[in-house]
Amino acid sequence: MTEEKPYLTGLPLILATIALSLSTFLMVLDYSIANVSIPYIAGDLAVSVDQGTYVITSFAVGSAILLPITGWITKRLGLIRTMVLSVAGFTILSWVCGMAVSLPMLVVTRFFQGLAAGPMVPLSQSILVQIFPPEKRNTALGFWSTIVVVAPILGPILGGWISYDINWSWIFYINIPFGLFSAFIIHSVLKPFETKKEKMPTDWVGLLLLAVGVSSLQFLLDKGQQYDWLRSPLIRTCVVTSIVCFIFLIAWELLHKYPILELKLLKIRSYALSLLFIGVSYAIYFGAVVLVPLWLQTNMGYTPIWAGLAVAPIGIMPFLFSGLMGRWVKKVGPILPLFICFILFALSSFDTSFLNTNVDFWYVAFSRFLLGFALLFMIVPLFTLSLQDLEDWQLPSGTGMLHFIRAMVGGVGTSVFTTMWQRRSAFHHSNLAAEITTTNQPAGEFFKTLDGLHLDKAQQLDVVNEVVNHQAAVLGINDCFWIMGWTFVGLCLFLLLGRKKKVRYTPLA
């Protein structure tokens, strides 16, 4: 356990907060900034867009491997030293990514950049909690939460602008000055919070099982849709490999004297409950965040930048009021805000389930604003619930596993809901197409309109198929949001039933 350290105040506290928040911002931003840049990267490196997506997958795999063992790494290297090495490695590898001249070089570099970046988010949160006085920790978590929300929203907008108007390399070069600043400040200001190195044997079996299991899981989440899921032998192999590895990993870690995963933290009821809520709510949130801009681009004719602007209002309420939310949570505890959060998420999802092909930019933007209002009540209470009963020495392990779950369920939610959207769209397309007959009056009137445009039969059928595609897509996405809404209703009921066994609330201190 670490010895008592004085809390930071004044300018050192401000600088440390900026540096830690900036490192979090850079890492979270890097998850999303490359997404819209893939076509430009693929064109410049003379590969297909599908091949270019490995730039995203490799980074996700690298970061996912180290996320859950952040606490183990910290014990071996020290808290501040691990953070500095992580930020510095991420920054240097950003420069190498920008210099890449081939896809293999970029993919390999992005994997190592992900490895370096893995501990950044959990450690920044862990350190931030420790350097603030107890009465201000919830406010600090609120500020930190704002960064986590805003970065992935800005990523596609910033990535699209840089790739279109400058060059895709600059989505990596932009990290360099900010990364160097963060590493320098963290090294200079936070030395008093360094922890002692612990000498312990390396759990090579656990590391191998974790690396193979996480890599297989991340690959099938990223590429499952492209390879048609279980119809692909490769995806089936990944499913079996990940399941087997995780089963053996859990058994091994529970019995090993020096485990790389602190699974015993799951005995803490508030921590285990928070992981459950994070798993479900983040899966749905990521699904909602991905589906709307995807629908706008593929069916409504939006450019990536305009689609990003349409969903950007998600971040308005968390950006403005996360600090106040931290203070309120300190007074009332995390359970009431979470109940309000689940109700607002349900209402927002039900509202979005009435989309149609005539909605304009402002309608979509306002619906995303409502989602952001729900998000305001989610992040700070969830992180407060997860950390409130952990000792300082448990924070690196606890935050590492927490953010590992968050990252994994984000991929699960994205994959599940995009697949669901595709399947429901195909279902509605089949039903709508069956209604287009000569005896159907609206269909007959539409064909008469097409006759007036002097289109031949083949052209008319193409137009009709396009209209049916758009209608089926919007009906499919509405089905997805309907399911999201009822899932949050279920979480509300679970929370109410759980009140019979109250979760002890201990203000962060």
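Relative to the longest principal axis of the C-alpha atoms of the chain, give the angle of the C-alpha long axis of helix 103-117, reported between 0 and 90° and rounded to the nearest 10°. Helix 103-117 sits roughly 50 degrees off the main axis of the chain. Multiplying the residue separation of Met200 and Thr437 by 0.36 nm and removing their Cα-Cα distance gives an extension gain of 78.0 nm. Per q in 0.07, 0.12 1/Å, what log10 I(q)/I(0) does a Debye calculation on the alpha-carbon atoms of the chain return? Debye curve over Cα of the chain, log10 I(q)/I(0) at q = 0.07, 0.12 Å⁻¹: -0.40, -1.15. Calculated mean residue ellipticity, 222 nm, the chain: -25500 deg cm²/dmol, from DSSP H runs (n ≥ 4) at -39500 (n - 2.57) each, averaged per residue and rounded to 500. In order along the range 232-247, the phi-based Karplus estimate (6.51 cos²θ - 1.76 cosθ + 1.60, θ = phi - 60°) of 3J(HN,Hα) comes to 9, x, 5, 5, 4, 4, 5, 4, 5, 4, 5, 5, 4, 4, 5, 5 Hz; Gly and Pro are listed as x. Checking the Cα-Cα distances for Lys196/Lys257; Lys196/Lys264; Lys136/Lys191 against a 26 Å cut-off, no pair goes over it.
Computed from Cα positions, the angle between helix 137-165 and the longest principal axis of the chain comes to roughly 50 degrees. Here the peptides 110-120, 40-50, 333-343 are ranked by packing, the mean other Cβ count within 10 Å, and the order with the highest first is 110-120, 333-343, 40-50. The phi torsions of the range 253-258, fed into the Karplus equation with coefficients 6.51, -1.76 and 1.60 and a -60° offset, translate into couplings of 5, 5, 9, 6, 6, 10 Hz, rounded to whole numbers, with Gly and Pro shown as x.
Packing, taken as the mean count of other beta carbons within 10 Å per residue, orders the peptides 460-466, 411-417 from highest to lowest as 411-417, 460-466.
What the Cβ-Cβ distance of Asp165 and Ile18 gives, at R0 = 25 Å and to the nearest 0.05, is a FRET efficiency of 0.35. For the chain, the relative contact order works out to 21 percent when only alpha carbon pairs closer than 8 Å and six or more residues apart are counted. With the highest mean first, a sort of the peptides 157-170, 95-108 on other beta-carbon atoms found within 10 angstrom per residue produces 157-170, 95-108. Taking amide H atoms as placed 1.01 Å from N in the peptide plane, the amide H of Thr195 lies under 5 Å from those of Leu79, Ile80, Arg81, each 5 or more residues away in sequence or on another chain.
Classified by the C-alpha gyration tensor, the range 368-433 has an oblate form. Its axis ratio a/c, with a ≥ b ≥ c, is 1.5 or above, and a/b does not exceed b/c.
Go ahead and run the numbers for FRET between Val240 and Leu324, Cβ-Cβ distance against an R0 of 45 Å, rounding to 0.05. The computed FRET efficiency comes out at 0.40. Computed from the C-beta positions of Glu135 and Ile250 and an R0 of 30 Å, the FRET efficiency is 0.20 to the nearest 0.05. Is the range 99-221 rounded, prolate or oblate when judged by the Cα gyration tensor, a ≥ b ≥ c being the square roots of its eigenvalues, rounded requiring a/c under 1.5 and prolate requiring a/b larger than b/c? Cα axes put the range 99-221 in the oblate bin.
Across the range 202-257, the mean sequence separation of Cα contacts (distance under 8 Å, 6 or more residues apart), normalised by length, yields a relative contact order of 46 percent.
Quick note: the coordinates plus some simple rules give every number you see, no bench work behind them. Bear in mind the structure is a predicted one, so any value in this text is a computation, not a measurement. Counting neighbours? That spans all protein chains shown, and the Cβs are built from the backbone with ideal geometry, glycine included.
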